[in-house]
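Take a look at the structure set out below.
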Amino acid sequence: MLAERYPYYLANRPRQPNAELAVTDKYSGEVVTRVALADAAAVEEAIAAAVRAAGPMRRLAPYARQEVLEHCVRRFRERAEELAFALCIEAGKPLRDARGEVTRLIDTFKAAAEEAVRGGGEVLNLEVSKRAEGYRGFTQRVPVGPCSFITPFNFPLNLVAHKVAPAIAAGCPFVLKPSDRTPVSAMIMAEVLAETDLPEGAFSVLPTRLEDVGPFIEDDRLKLLSFTGSEKVGWELKARAGRKKVVLELGGNAACVVDRDQGERLDFVADRIAHGAFFQAGQSCISVQRVLVHEELYGALRERLVARARALRAGNPREEATTLGPMIDEAAARRLEGWIHRAVERGARVLAGGGRRGALLEATVLEGVPADEPLNAEEAFGPVVLLQPFGSFEDALREVNAGRYGLQAGVFTNDLSRAMRAWDELEVGGVVVGDVPSFRVDTMPYGGVKGSGLGREGVKYAIEDMTELRLLVLRQG
């Protein structure tokens, strides 16, 4: 069960000045708990505390940072079912998906614990000419300083973890604004962090009204802003961020190419595409949205994918048998339903699904969606997948590149030369061969190009963003 109310955390400590943020069960729509909202004064206090904590965090020994992260791993394991239930209620995730996200939370903190003691730096050969004879260079990585994190609703644990765990490993204090739709998961994480010996001010987790968000973005005392969310908001925040470093993990309309040599494993391909398209109601930046299928396999794969979409059990995410839960709210489901109707009016065909009940949108498969329709050109962020045949592999690659997004792409092919061509030519942050673009391991570099963002996440790569190189030059003799 969820607690009746949750505090926010300011400078490592819980505070409950109010309970103004209502959190709803995304399936029933009922208010299930309330969370404290931070005001402008609390945000200012948190940033000031993070600035004071920058020195103590920088001096915190690597083994001590590792101990903090290992404590979190232990406690997350002990509270795994509580965390999964919180995700199920506040985000509408089916329990099996919620448990998977808890596992990824633990993996991310484990990886950060390992990276915390590895450090970074190198010895440089500076004797590249006579004038540099006798000189040596050394580098070390130092924390960038206080960081600001803003996270979305769709992965309330794991996307928070991808900012928080590397920050601790790097030695950076931080202020975090979780989504006001799904704040409970972050509050439980903060509760666990508060059990540790992190220096005072090392972290603050503050659900905040929109009018009080400005300092998270604009305050020059914060040296890095890491934002995960929509494309439009992300680039607007970058323009407001001033001189601080900015990492943006934004949207996508991920494509998957199915080559002509996949005929003998179409059942596997259909299983993976269905999972990638409909997992957690399609509310993932790398959800499979566009599927380009070689014309010789198109009919057979279409039949299989339609069958899998119809077989999904939609309903209450608390029930173990549920495989498709609600979208984050009814407005989101209505928006996507409208896009479907608009595409149909222009000649698209609904092969499966298309219906809506409240925030529940059926797993939907379409074909013939015009390229300039929002359902094709924008990020659907829901349980919808579009099918399209292609004649040549080169045509498929051009189609993948046609849009303004570039997060990840999937390519099902047995041809190594085509796999390498896709890697060379696709304008995306990552190419997944033999699987869907929805695949992600939390230690790999993850992020997009074009409209999909700036910078990379993945524990090691996030730590690189949260640190700076410092050079030492030594003249001998």
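The values are calculated or read from the model by the stated rules, or taken from the named source; none is laboratory data. Since we're looking at a predicted model, the values are computed, not measured. Here Cβ is always computed from backbone atoms with ideal geometry, including for glycine, and neighbour counts include all displayed protein chains. These accessible areas exclude ligands, DNA and RNA; they are computed on the full protein's heavy atoms, side chains included. Shrake-Rupley method; radii C 1.70, N 1.55, O 1.52, S 1.80 Å.
Classify the chain as rounded, prolate or oblate, taking a ≥ b ≥ c as the square roots of the eigenvalues of its Cα gyration tensor: rounded when a/c is under 1.5, otherwise prolate if a/b is larger than b/c and oblate if not.
oblate
Determine the order of TRP423, TRP339, TRP235 by accessible area, beginning with the largest, at a probe radius of 1.4 Å. List each step's numbers first, then the result.
Numbers: TRP423 165, TRP339 55, TRP235 85 Å².
So, going from the largest accessible area down, we get TRP423, TRP235, TRP339.
Taking the full set of protein chains and a 1.4 angstrom probe, give the accessible area of GLU345 in square angstrom, rounded to the nearest 10.
So the heavy atoms of GLU345 present about 150 Å² to solvent.
Quick one: net charge of PRO383's neighbours, Cβ under 15 Å, K/R +1, D/E -1?
Surrounding charge for PRO383 is +4.
Below 8 Å between Cα atoms, with a sequence gap of 6+, how large is the relative contact order for the chain in percent?
So the answer I get is 18 percent.
Tally Lys and Arg at +1 and Asp and Glu at -1 over the other residues with C-beta under 12 Å from the C-beta of ALA186: what net charge comes out?
So the surrounding residues net to 0.
Taking the dipole about the Cα centre of segment 416-477, with the C-beta of Lys and Arg at +1 and of Asp and Glu at -1, give me whichever of ALA462, GLN476, ALA419 is farthest to the positive side.
GLN476
Leaving out ligands and nucleic acids, note down the accessible area per residue over the chain with a 1.4 angstrom probe, in whole Å².
Working: 19630 Å² over 477 residues.
Accessible area per residue: 41 Å².
What do you get for the angle between helix 62-78 and the principal long axis of the chain? Use alpha-carbon atoms, 0 to 90 degrees, nearest ten.
Helix 62-78 sits roughly 40 degrees off the main axis of the chain.
Can you give the angle from 0 to 90° between the axis of helix 80-91 and the longest principal axis of the chain, with both taken from C-alpha atoms, to the nearest 10?
So the helix axis and the longest Cα principal axis differ by about 60 degrees.
Alpha carbon centre of segment 345-409 versus segment 133-191: separation in Å?
The two parts, judged by their Cα centres, are 34 Å apart.
With contacts defined as alpha carbon pairs under 8 Å and 6 or more residues apart, what's the relative contact order of segment 82-230 in percent?
Relative contact order here is 26 percent.
Using a Förster radius of 51 Å, what is the FRET efficiency between ARG59 and ASN18 based on their Cβ-Cβ separation? Nearest 0.05, please.
Calculated value: 0.90.
Counting only protein heavy atoms, what percent of the accessible surface of the chain is carbon or sulfur at a 1.4 Å probe?
The C+S portion of the solvent-accessible surface of the chain is 49 percent.
Name the long-range amide H neighbours of PHE390: under 5 Å, sequence gap of 5 or more, or other chain; modelled H, no Pro or chain starts.
Those lying under 5 Å, H to H, from PHE390 are VAL293, HIS294, GLU295.
Roughly how many whole Å is it from the C-alpha centroid of segment 314-331 to that of segment 45-115?
For segment 314-331 versus segment 45-115, the Cα centre distance is 26 Å.
Round to the nearest 10 and give me the degree value, 0 to 90, for the angle of helix 266-278's Cα axis relative to the longest principal axis of the chain.
60 degrees
Would you mind checking which residues have amide H under 5 Å from SER179's amide H? H placed 1.01 Å from N; only 5 or more apart, or other chain.
Here THR151 satisfy the definition.
Around LYS26, with a cut-off of 9 angstrom between Cβ atoms, what is the net charge of the other residues, counting Lys and Arg +1 and Asp and Glu -1?
Details: positive: LYS93, ARG181; negative: ASP25, GLU90, ASP329.
With Lys, Arg at +1 and Asp, Glu at -1, the net is -1.
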